[in-house]
Amino acid sequence: MNVQQNKSDLGAALAARFSDGADLDVDIAGESASRLMPLAGRGSVRQFKDTPISPDLLRLLSALALAAPTKSDLQQRDIVMVTDPALRESINLLIDDQSWIAEAPAMLVFCGNNRRQRQIHEMRGHPFANDHLDAFFNAAVDAGITLTAFVMAAETLGLGCCPVSALRNESEKVSHLLGLPDHVFPVAGLAVGWPAARAPISPRLPLGVTFHENRFSEDGIKDAIAAYDPSRHYEVQRFVEDYGEDAGYGWSEDKTRQYSKPERADFGAFIRSKGFRLD
């Protein structure tokens, strides 16, 4: 494949991903463009082969993920690899409304960890002067960055991944099962396995909505979302008993229905119970 073909393939993949068909055909060298293609066309995998994954491989991928950037080199993120069958079953039961999760060969839990920072303050005899919202925020963001790095490394090897935020619906129970101490909390799970089918590619909001230059702008957002909605297809409509069937059901209807019902209302209380002040 020559340079021009690589460039065109990458631009075409991104134009398909973003509904405004933004012109992203930047002149990139052939090999580099090929390396970017998996990002342009990736999707979350929810159908897995029953082929097991070596714990050594998962440990290697975790090491690569933990090499990712971290705020001020504080390294406030940990990964728990769940290999005990009984523990895995207990976690599966907490999210039994998504049966595909139990079929994933591997499950990891990405945690924010502000505990270690407090421990080294005690070791070095220095006051911990930042006991406020930022302590939680930094650890949560670090965990998110690490999860993303793991996904990128795993998909490079042909594995499929899907983040599992539903773990936070049962944060206290997950924390107990994993033995998470104060100031350590689950951010998300990650189901990992060899894909049994090609992952669907979800079109993203128009780049003109989510990418800004110099200043944030919402110009034309209503029209942009209305144009984007038909690009998203959902097999099941949420809460039909409350809202009825919608012939034009798209992204905005799905997401507003999802958040029209209380969800994780106790998460703030859980985080405070872990010792965080959210001032």
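The values are calculated or read from the model by the stated rules, or taken from the named source; none is laboratory data. Here the structure is a predicted model, which is why all the values come from computation and not from measurement. Cβ sites come from the backbone with ideal geometry, for glycine too, and all protein chains shown count toward neighbours.
Could you pull out the residue among Asp279, Asp254 that is touching a helix residue (DSSP H, G or I) at 6+ places or on another chain (Cβ under 8 Å) and outside the structural domain of Ala12 (by TED's automatic domain parsing)? Criteria check complete, one pass: Asp279. Filtering segment 87-146 to residues that are among the acidic types (Asp, Glu), outside any loop (DSSP other than H, G, I, E, B) and out of contact with any strand residue (DSSP E or B) (no Cβ under 9 Å at 6 or more places or on another chain) leaves Glu89, Glu122, Asp134.
Scanning segment 35-75 for residues that are in a helix (DSSP H, G or I), at pLDDT 95 or above and either charged (D, E, K, R) or over 17 Å from Val109 (Cα atoms) (or both) turns up Asp56, Arg59, Lys71, Ser72, Asp73.
Can you confirm whether segment 54-67 contains a residue that is surrounded by fewer than 17 Cβ atoms within 10 Å (Cβ to Cβ), touching a residue at least 60 places away in the same chain (Cβ under 8 Å) and not hydrophobic (A, V, I, L, M, F, W, C)? Among the residues of segment 54-67, not one is surrounded by fewer than 17 Cβ atoms within 10 Å (Cβ to Cβ), touching a residue at least 60 places away in the same chain (Cβ under 8 Å) and not hydrophobic (A, V, I, L, M, F, W, C), which makes the answer no. In segment 105-142, the residue that is nearest to the chain's Cα centre (by Cα) out of those that are acidic (Asp, Glu) and either closer than 19 Å to Ala166 by Cα or surrounded by 13 or more Cβ atoms within 10 Å (Cβ to Cβ) (or both) is Asp142. Pairs are defined by a Cβ separation below 6 Å, a sequence spacing of at least 6 or placement on different chains, a first member in segment 173-187 that is in contact (Cβ under 8 Å) with a residue 40 or more places away in the chain, and a second member that is in a strand (DSSP E or B) and aromatic (Phe, Trp, Tyr); the pairs so defined are Val187/Phe110.
Out of all the residues in segment 202-242, which are more than 18 Å from Ala15 (Cβ to Cβ) and touching an Asp or Glu at 6+ places or on another chain (Cβ under 8 Å)? Those that are more than 18 Å from Ala15 (Cβ to Cβ) and touching an Asp or Glu at 6+ places or on another chain (Cβ under 8 Å): Asp229, Tyr234, Gln237, Arg238. Filtering segment 179-224 to residues that are surrounded by fewer than 16 Cβ atoms within 10 Å (Cβ to Cβ) and over 18 Å from Asp20 (Cβ atoms) leaves Gly179, Pro181, Asp182, Ala196, Ala197, Arg198, Pro200, Asn214, Arg215. Every residue in segment 76-86 that is in a loop (DSSP other than H, G, I, E, B) and surrounded by fewer than 15 Cβ atoms within 10 Å (Cβ to Cβ), please. Listed by number, the residues that qualify are Thr83, Asp84.
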